[in-house]
Each structure stands twice: as C-alpha cells, then as structure tokens.
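First up is the structure itself, then whatever we jot down about it.
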Amino acid sequence: MNTILRKSILGIAGLTVAGGLAAGPLNHDSTPTRDAAVTTTQAAAKLDTATLIPHGVQGTQSHIDLNDEQTANVKAIIAATKKAGMDERAAVVSIATALQESKLENLGHLGDRNDHDSQGLFQQRPSSGWGTVEQITDPEYSTTAFLKGLKQVDGWRDMPLTKAAQTVQVSAYPDHYAQWEQQAADLVAQHWNS
C-alpha cells in the first residue's frame, strides 16, 4: 500500500475514533457542540498512529473502563511527560506501564497481597531506590522517575513498547506491557492536547 494512501486511511480512522470519543459515553451531554467535537477531532488528528504506535501493537490488546481517579492519573502522567520534555510516545509507554502495574490506580502498600513493597502507579519500590513512599505515590514524581529510567534506555524509541517498559521496570512478567499499548495510545490521543 503506498504511503499516501496509508496515511489517508490512518487519518480517516483517527478522525472516526476521535469523533467517537467526542460523542461517546464519556461525554455526559448527549448533544455535544460542534466546536467541542471539532476541537477534539483536530487534536486527535495531530497525533497519528505512526507517532503513538510506531511498531504496531503486539498480541491481544486489553482494555478497561476508567473512573475519574484513573483518568486524572492519565492526565498527571501526560503533564509530567510534557514537563520532562518528552514526547507523546514516552507518554504511551508510561501509561501502558501504569495500566499493567496498577490499572492506573495510585496504590498504597497492600500488605501480603503486595509484591514486596511496591506502591503507586508504577509499582515502584522504596527498597529499590525509586524514592520514599510519599514520593512514589505522587503521580508526578513516580512518572518522572519512570521517565528518567526510560531516558537511560539506549534506543527506547526504536524498541517495542514492552521491551522499553521492561528495561525500566524489570518485571517478572515482561511481555504483559504489550497488551495495553492500544488503550495507552488512545488515551494519549484523547488527552495530550486537553
């Protein structure tokens, strides 16, 4: 398929997704204004699939519905990514990682149900040097710590998401990050310019 045709198809698909997001169940007003729909569509159109998912998704994708707290954590991750001077792809990797680690819930210590002393959105461990409990349960701090680790991964932009995330996180389940790439990309497309 030639590049122009592929970009046209992806652009139309992006507009369709953005239009669905603007008019979908997340919007409590059943009759969105034309300006709101156009703004959402234009913002999503600026973030194309090649930027957000340059390597394509790997494996079966998972999806969860987010509550207000989880959505606020998505926005906090995006804000911290921008503050760190990193791009949309870094936000996709960060959100996919947090989806796998905590389902975007800022978890405190869970006692015996917890993996060691892991806490926060990224399940970072004070005993492994990620910071204090107060720090790693702060969404901005924990995202910044994750991004600092990501910056140190040579060639992270050229890696599949799961490999980049695993290099930072050193998880017992390294392939599990991949299942969240599409939802993470959708969330970045929806909230990056909001």
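The values are calculated or read from the model by the stated rules, or taken from the named source; none is laboratory data. The structure presented is a predicted model; accordingly, all values stated were derived computationally and were not measured. All Cβ positions, glycine included, derive from the backbone under ideal geometry; neighbour counts span all protein chains shown. Protein only, heavy atoms only, side chains kept; ligands, DNA and RNA dropped before computing areas. Shrake-Rupley method; radii C 1.70, N 1.55, O 1.52, S 1.80 Å.
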Checklist outcome for this item: Residue pairs within 7 Å by beta carbon, gap of at least six or interchain, first lying in region 164-189 and farther than 18 Å from Thr51 by Cβ and of a type in the set (Phe, Trp, Tyr), second open to solvent by less than 20 Å² (accessible area, probe 1.4 Å) and assigned to a helix (DSSP H, G or I), listed first then second, are Tyr177/Ala96; Tyr177/Thr97; Tyr177/Leu161; Tyr177/Thr162; Tyr177/Ala165
Item to check | The one condition in (1) within 20 Å of Met86 (Cβ to Cβ); (2) modelled with pLDDT under 90 that Val188 fails to fulfil | outcome: (2)
Next on the checklist: Going residue by residue through region 129-138, is there one that turns out to be modelled with pLDDT under 95 and among the aromatic types (Phe, Trp, Tyr)?
Outcome noted: yes
Checklist outcome for this item: The correct count of residues that are assigned to a helix (DSSP H, G or I) and of a type in the set (Gly, Ala, Ser) in region 47-56 is 1
Checklist entry - Taking the condition farther than 25 Å from Thr162 by Cα and modelled with pLDDT under 85, does Thr33 pass? => result yes
